[in-house]
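Here the structure comes first, spelled out in structure tokens, and everything after it is commentary.
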Amino acid sequence: MNKIKSLADLKKLQTEVQSKIKLREMGDHSETLIQIKVSMATCGIASGAKETMSHFIEELDHQGIDVIVTQTGCMGYCYAEPTIELTIPGQQPVVYGFVNKAKAQEIIEKHVKLNEMVDGIIPVNYSSIDN
Amino acid sequence: MADYNMHILVCGGTGCKASQSELIKSNFKTRLNEFGLSDEIQVIMTGCFGFCEKGPIVKILPDNTFYTQVTPEDVFEIVEEHVIKGRKVERLLYKDPESKEHIVDTKGMDFYKKQIRIALRNCGFINPENIEEYIGRDGYAALGTCLSEITPDEVIRMIKDSGLRGRGGGGFPTGLKWELTRKSVSDQKYVVCNADEGDPGAFMDRSILEGDPHSVLEAMAICGYCIGADKGLVYIRAEYPLAIERLKIAINQAREYGLLGNDILGTGFSFDVEIRYGAGAFVCGEETALIHSMEGKRGEPTVKPPFPAEKGYNGKPTNVNNVETFANIPVIINKGAEWFASIGTANSKGTKVFALAGKINNVGLIEVPMGITLREIIYDIGGGIKDGREFKAVQTGGPSGGCLTKSFLDTPIDYDNLVAAGSMMGSGGMIVLDDSDCMVAIAKFYLEFTLDESCGKCTPCRIGNKRLYEILEKITEGNGKVEDLNRLRMLSSVIKDTSLCGLGQTSPNPVLSTLDHFYDEYLSHVTSHKCIAGQCKALMHYSIDVDKCTGCTLCFRNCPVGAISGEKRASHYIDQSLCIKCGVCFAKCKFDAVLIA
Ligand SMILES: Cc1cc2nc3c(=O)[nH]c(=O)nc-3n(C[C@H](O)[C@H](O)[C@H](O)COP(=O)(O)O)c2cc1C
Ligand code: SF4
């Protein structure tokens, strides 16, 4: 990465990144991918988020399903760790709590493959500032 | 791929489960099946909606209908009316407490406005190890704007106008602090981020550093620009390995992108950040002790003045701010001081992150606007008290704070109201207590922490707190006298008045606050030797119910001090003079014959 040289360059990069994310969020099924974010803060990891994340990666890889699995910080639902957020392109993100290996498997089989939600959704109860 | 056109979400949180939400779910399934709709409509059990007072909750998607206090019988009406005929069931809709109007769409519920994420805006949203995701969310735009378009004095003006106050505990106005450090004349100045976070049970700062480290780095650079510093230091406890790791990655990425280092964004401004590790002592969170610790000296506080703004790290002017304070800065620049100042109360602006813990259903990290009430936090967000027990108090401010009782449930929470109520904001630990918590034992718990963490430099804190602790110990062991309660007060006020640093000056607060609000509980410990909450073991009285005892001799064989006697198949007895109240007999008895009073 070359150094960003000016405010204008920074804004250009910002627009580029944003359109990449937009594409991921809004694009239609054929072009874009399902995204899974695993909450990987200390609390999540202590409750097994690492195992959950690697299970997602391995299992999706094994089944040859293309899904973006990334990590993120604490979503705040410490009572329900590990938590993950699953976004199907064009749909509202869904948060699941207590995602152990078995739950991860269920999510892959049902929600990822069939677009069927499964039990254990955590309703989002906060608003974030919109940029 | 199944294409459900409707989802019915049934709350499976602890509270709702207790009121038959499982049955509600299965009723929905059966009913939909009868109508042949199970392929079109999916019924899902969810985690807690955090609205337990009005549970059980049922939410219907995609039209976002929110039904409250649903009974298993209501299911039929919902299916027939809402699902089949498309008419919402008015009487079950959530009613706005003020306008008394039914709210059809959850987006209109103020319940969703109870938490606003400013400091935590990116936590759980972006990948903290990828700077581009941060940049995509307006990251470093505030720094860029400041460096290219706003003078340091104007930035300071903005921070002042926003009304932001320090989130590390003291609540000192941040803009004013920056101005003071800016005015100090020196060839070298420093920006320090206090990430020591020593309060027991607090993890707000850790979560920010783990989830959004760039927001802190960006704010530190902005601070450097304002006060005239080119060097920043993050003081973080070595016990936070993941936060350290993420911070290191962030620093390296920011350098790589030219957002830290020399000549940032071609503006001629240079700023770099280094990490300093603390060994995890509570007192090292105090700013003078923190600075000494960074200098390689013993982490002991010194008298203020001089304040760090005049003479800090290496004797140079130093601006110390807390992690969460910094995390708010970029948003204030991007969205404006006025926007920030529109959230909160008269003298406390913005939001506060709390680590909600203790006897509450939804333990977690929350960010709420200043001015929210405890009731909203506990019942609307926290999901109520565990196991349906009774709320007793909330401890805020950790070892420097105090307890808020039932009578404060509707007090708007801000810096000043908490102090007036005998507690303090502190860094954001919020521990919920129920009727099984003994307030004397709680005070003792915090004092024990203080004893461990006192640096020992000054006598009132080192010895005074030890004596205070001994008195509390005496009381919880049933040897306290009424005079001891006055002694507690006197000693507390001496320690507060004469200790050198904030640790000692605030250490008796948990004792004073519990004495004020729960005097009866102290009194019953010293007069009738009773612990109402049943927590003080030494005050318990074990006896055997002659009618229930079968004479199985199990307790007799297990009592470690031989306090139990009795013949086989005849009722047993406990010799009170020998009993050490270990509770073994109670645990062992298979016939519930051991009684505790
Ligand atoms: C005993 C003691 C412990 C403290 N611990 C912390 C801490 O862990 N984190 C923190 O930010 N401030 C802590 N402080 C407050 C700091 O001294 C200082 O006021 C604060 O870092 C200033 O930042 P702010 O204005 O952004 O809050 C502590 C103070 C005392 C007296
Ligand atoms: S008050 Fe306590 S912690 Fe502070 S300097 Fe004195 S002994 Fe040390």
Pairwise label distance in nanometres, residue B:187 with residue B:85, each label 7 Å out on the Cα-Cβ vector: 8.6 nm
Heavy atoms of residue A:38: accessible area, 1.4 Å probe, square angstrom to 10: 0 Å²
Efficiency of FRET from Cβ geometry, residue B:523 and residue B:577, R₀ 25 Å, rounded to 0.05: 0.45
Alpha-carbon Debye profile of the stretch B:541-596, log10 I(q)/I(0) at 0.31 Å⁻¹: -1.55
Nearest-10 value in Å² for the accessible area of residue B:497, using the 1.4 Å probe: 120 Å²
Difference of contour (0.36 nm per residue) and Cα-Cα distance, residue B:346 to residue B:419: 24.8 nm
By accessible area with a 1.4 Å probe, ligands and nucleic acids excluded, highest first: order of B:339, B:178: B:339, B:178
For residue B:185, net neighbour charge (Lys/Arg +1, Asp/Glu -1) across residues whose Cβ lies under 13 Å away: +3
Base-10 log of normalised Debye intensity for chain B (one unit scatterer per alpha-carbon) at q = 0.06, 0.10 Å⁻¹: -0.41, -0.99
Full-extension gain in nm, residue B:77 to residue B:489, via 0.36 nm per residue minus C-alpha separation: 142.2 nm
Residue (of B:250, B:288, B:356) at the positive-pole extreme of the stretch B:233-369, dipole from beta-carbon charges: B:356
Charged-residue dipole, Cβ positions (Lys, Arg, Asp, Glu), the stretch B:129-248 about Cα centre, Debye nearest 20: 480 debye
Inter-label distance for residue B:172 and residue B:230, nm, one decimal - labels placed 7 Å from Cα along Cα-to-Cβ: 2.6 nm
Mean Cα-pair separation over length for chain B, i.e. relative contact order, pairs under 8 Å, 6 or more apart, %: 11 percent
Over 20 Å (Cα to Cα) - which of B:392/B:444; B:386/B:581; A:20/A:110; B:177/B:231 fall in this group: B:386/B:581; A:20/A:110
Sequence of B:220, B:158 from largest to smallest accessible area, 1.4 Å probe: B:158, B:220
Separation in nanometres of the label points that stand 7 Å from Cα toward Cβ, at residue B:516 and residue B:477: 3.0 nm
Cross-link partners of residue B:100 among lysines (Cα-Cα below 21 Å; sequence separation of 8 or more within a chain): B:54, B:59, B:88, B:113, B:114
Added length on full extension, which subtracts the Cα-Cα distance from 0.36 nm per residue, residue B:543 to residue B:33: 177.9 nm
Electrostatic dipole magnitude of chain B [Cβ: Lys, Arg +1; Asp, Glu -1; Cα centre; debye, to 20]: 1520 debye
Three principal axis lengths of the stretch B:439-528 [C-alpha, angstrom, descending]: 39, 19, 18
Accessible surface of residue B:249 - all protein chains present, 1.4 Å probe, nearest 10 Å²: 40 Å²
Options A:40, A:117, A:100, ranked by Cα towards positive dipole end of the stretch A:30-122, top entry (Cβ charges): A:40
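The values are calculated or read from the model by the stated rules, or taken from the named source; none is laboratory data. Everything numeric here is computed off the predicted structure, so don't read it as measured data. Because the Cβ atoms are built from the backbone with ideal geometry, glycine has one as well, and the counts that use them run over all protein chains shown. In case anyone asks, the SASA skips ligands and DNA or RNA and just uses the protein heavy atoms, side chains included. Shrake-Rupley method; radii C 1.70, N 1.55, O 1.52, S 1.80 Å.
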